[in-house]
Amino acid sequence: MRNALKLGLFLFIIAGIAGLAISYVHNLTSPLIEQQMEENKLNSFQEVYPGAKEVKDESKQYLNANSDPVLTEVNVVYQDHVPAGVIYIVEPSGYNGKIQLLVGFERAEKKITAIKVLRQSETPGLGSKATEGFFRDRFQEKSAENPLEVVTKETVGEHQVLAITSATITSKAVTSGVNAARQHFLDNFGE
């Protein structure tokens, strides 16, 4: 009985020391991880809005209870202290769950600069192709004036996007996210 008590006390002390060590390492690395995540986010912003140097998260100003729930973040791009563009983070529902993507808009010409899928859990080899350049390029330079529409055959018009073969649900989800951002952009920045 006495040995079991000693063993229990020993394990309790070891677990306490291990817990304190893990907590110390977490507190030490947490700011570095947050800094790295912020740098990755800014690099992604550069991909959807090239030349974006000053980007401010203005979600509190532009998102409210009446906003489309797909919109999660509104980042305004400033050039010479004047709003030049907007980068949205949207999360539409795809085939296997939420798809998180960035959508960039240029204010002067009212066009989509680019999109980038940040996170997805779509079917490998099918819906996961939404992250690839050939699909992202289908949105680039499209006008923000009219809603985009997904088609399954070669694109016909300016406002149509060709779906990924055998991944129409994913294609429609990405397009619906882009359309939600597009509508918010026109309502708030379209002048």
(message) Condition first: within 30 Å of LEU102 (Cβ to Cβ) and surrounded by 10 or more Cβ atoms within 10 Å (Cβ to Cβ). Now tell me which residues in the range 1-36 satisfy that.
(response) HIS26, THR29, SER30, ILE33, GLU34, GLN35, GLN36
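Results for (1) surrounded by 15 or more Cβ atoms within 10 Å (Cβ to Cβ); (2) at pLDDT 90 or above, shown as yes or no for each residue.
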site	(1), (2)
ALA114	yes, yes
THR123	yes, no
LEU126	yes, no
ALA130	yes, no
GLU141	no, yes
ALA144	yes, yes
LEU148	yes, yes
THR155	no, no
(message) I'd like to check something: does the range 152-171 contain any residue that is in contact with a Ser or Thr (Cβ under 8 Å, 6 or more places away or on another chain) and within 18 Å of ILE87 (Cβ to Cβ)?
(response) no
(message) Looking at GLN183, GLN140, GLN120, can you tell me which residue is of a type outside the set (A, V, I, L, M, F, W, C), under 27 Å from TYR62 (Cβ atoms) and under 15 Å from the mean Cα position of the chain (by Cα)?
(response) GLN120
(message) What are the pairs with Cβ atoms under 8 angstrom where one residue, in the range 82-107, is within 11 Å of LEU118 (Cα to Cα) and the other, located anywhere, is of a type in the set (S, T, N, Q) and buried (at least 24 other Cβ atoms within 10 Å of the Cβ)? Sequence gap at least six, or different chains.
(response) ILE99/THR170
(request) Give the range 93-117 a look and list any residue that's touching a Phe, Trp or Tyr at 6+ places or on another chain (Cβ under 6 Å) and of a type in the set (D, E, K, R), or say none. (result) ARG107
(request) Only residues that are more than 18 Å from GLY177 (Cβ to Cβ) and either touching a residue at least 12 places away in the same chain (Cβ under 8 Å) or outside the structural domain of GLN120 (by TED's automatic domain parsing) (or both): list them for the range 146-164, please. (result) THR152, THR155, GLU158
(message) When you check PRO50 against the structure, is it touching a residue at least 40 places away in the same chain (Cβ under 8 Å), assigned to a strand (DSSP E or B), over 14 Å from the mean Cα position of the chain (by Cα) and under 20 Å from ALA144 (Cβ atoms), yes or no?
(response) no
(message) Let me spell it out: the conditions are (1) outside any strand (DSSP E or B); (2) in contact with a helix residue (DSSP H, G or I) (Cβ under 8 Å, 6 or more places away or on another chain); (3) charged (D, E, K, R), and GLU73 meets all of them except one. Which number is the exception?
(response) (1)
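The values are calculated or read from the model by the stated rules, or taken from the named source; none is laboratory data. Quick caveat, the model's predicted, so the values are computed rather than measured. Ideal geometry is used to build each Cβ from the backbone, glycine not excepted, and the neighbour counts take in all protein chains shown.
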